[in-house]
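Colleague: Would you mind keeping the following structure in view while I ask a few things?
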Amino acid sequence: MIELVRPTVELAEAWRASAGDFPAGAVLHGYGLPLDHDEFLSRTTDSEIVRYFTDAECGVGLPDGWVPCTTYWIVDDSAPDVVLGSLALRHHIETDFLREFGGHIGYGVRPSARGTGVASAALRAALLRAAALGIARVLLTCDEDNIASRRTIEGCGGVFERMAGVRRRYWIAT
C-alpha cells in the first residue's frame with residue numbers, strides 16, 4: 001500500500017536516489033526543492049535535508065513567492081526503504097503564481113515507478129491530509145501535454161476549470 005511519510009534522516013539517502021532517477025536538469029515537481037536542486041542535493045547532509053523540509057512546513061527561510069508546505073515522501077509499505085517520489089502539500093496558495101499556475105499539491109513519481117498507480121494513491125492520501133488542514137478544495141495544475149498527470153487528477157475527482165497558458169487547472173473537493 002502506498003503511504004505518505006514525512007522526511008526522515010533514515011530515508012534521506014533513498015529520497016536522494018529517487019531524485020537521482022530523474023534526468024539532469026529536470027524539474028522535480030513535488031520535491032519542494034530550490035531551483036538549483038542539483039547543487040542543493042550535492043552539498044547538503046541528510047539531516048540538513050530533513051531540517052530544510054521541516055523549516056518549509058513552518059514557513060522558515062522560504063524564498064520569495066514560496067508558502068508553507070508539507071513535503072511527504074511516497075513509499076510502498078512492501079518496500080518502505082525505497083522512496084518512489086515526493087509530494088508537496090501547500091498550506092495556502094496566496095501568491096499570484098500559485099493561484100494561477102501552481103496549486104495546492106504538486107507531486108513527482110520517479111521515472112522507474114511510473115505507470116503503477118503510485119501517483120493516484122499518493123494524491124488520494126494527500127486529499128485527506130489537505131482536509132485535515134482545513135482546505136475544502138484543492139487546486140491542481142498540470143501541463144496540457146502531461147496525459148498521465150491529467151488522468152491521475154481526473155481519476156481522483158479533479159474537475160477541469162480552464163486553461164492558464166499551457167497549464168490545465170483542476171479543483172478537487174477534499
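The values are calculated or read from the model by the stated rules, or taken from the named source; none is laboratory data. Keep in mind it's a predicted model, so treat the numbers as computed, not measured. With ideal geometry, Cβ positions are generated from the backbone for all residues, glycine too; neighbour counts draw on all protein chains shown. Areas reflect the complete protein model, heavy atoms only, side chains present, ligands, DNA and RNA absent. Shrake-Rupley method; radii C 1.70, N 1.55, O 1.52, S 1.80 Å.
Colleague: Give the relative contact order (percent, whole number) for region 47-151; include only Cα pairs under 8 Å separated by 6+ residues.
Modeller: 18 percent
Colleague: Still on this structure: May I ask you to list the residues of region 62-78 whose amide nitrogen lies under 18 Å from a point 7 Å from Cα along the Cα→beta-carbon direction of Phe101?
Modeller: Flagged as within label range: 63-67.
Colleague: What figure in square angstrom, to the nearest 10, would you give for the accessible area of Asp46 with a 1.4 Å probe?
Modeller: 40 Å²
Colleague: Still on this structure, please answer the following. Let me cross-check Met1: its accessible surface, 1.4 Å probe, with only protein heavy atoms counted, in Å² to the nearest 10?
Modeller: 150 Å²
Colleague: Of the heavy-atom accessible surface of the chain (probe 1.4 angstrom), what whole percent is carbon and sulfur?
Modeller: 55 percent
Colleague: Also: Can you give me the convex hull volume of the Cα atoms of region 37-141, divided per residue and expressed in Å³?
Modeller: For region 37-141, the hull spanned by Cα atoms encloses 127 Å³ per residue.
Colleague: Of the options Leu140, Phe97, Val159, report the single residue whose Cα projects farthest towards the positive end of the charge dipole of the chain (beta-carbon charges: Lys, Arg +1; Asp, Glu -1).
Modeller: Val159
Colleague: Let me ask you something else. What value, in deg cm²/dmol to 500, does the helix sum -39500 (n - 2.57) over DSSP H runs of n ≥ 4 give at 222 nm once divided by the residues of the chain?
Modeller: Per the formula, -10000 deg cm²/dmol.
Colleague: Does region 90-166 classify as rounded, prolate or oblate by the C-alpha gyration tensor (a ≥ b ≥ c root eigenvalues; a/c under 1.5 gives rounded; else a/b over b/c gives prolate, otherwise oblate)?
Modeller: Oblate is the answer for region 90-166, as a/c is 1.5 or above yet b/c matches or exceeds a/b.
Colleague: If you count only protein heavy atoms with a 1.4 Å probe, what accessible area per residue comes out for the chain, rounded to a whole Å²?
Modeller: Per residue, the chain has 50 Å² of solvent-accessible surface.
Colleague: Additional query: By the scheme Lys and Arg +1, Asp and Glu -1, what is the net charge of all other residues having a beta-carbon under 14 Å from that of Gly61?
Modeller: -3
Colleague: All other residues with a Cβ under 12 Å from the Cβ of Ile135 taken together, and with Lys, Arg as +1 and Asp, Glu as -1, what is their net charge?
Modeller: Neighbourhood net charge equals +3.
Colleague: Right, something else. Just to be sure I understand the rule: take each whole DSSP H helix in the chain, project its Cα atoms onto its long axis, keep it if the span is 15 Å or more and its mean Kyte-Doolittle hydropathy is at least -1.0. Which ones pass?
Modeller: Span-like helices here: 9-20, 46-58, 118-132.
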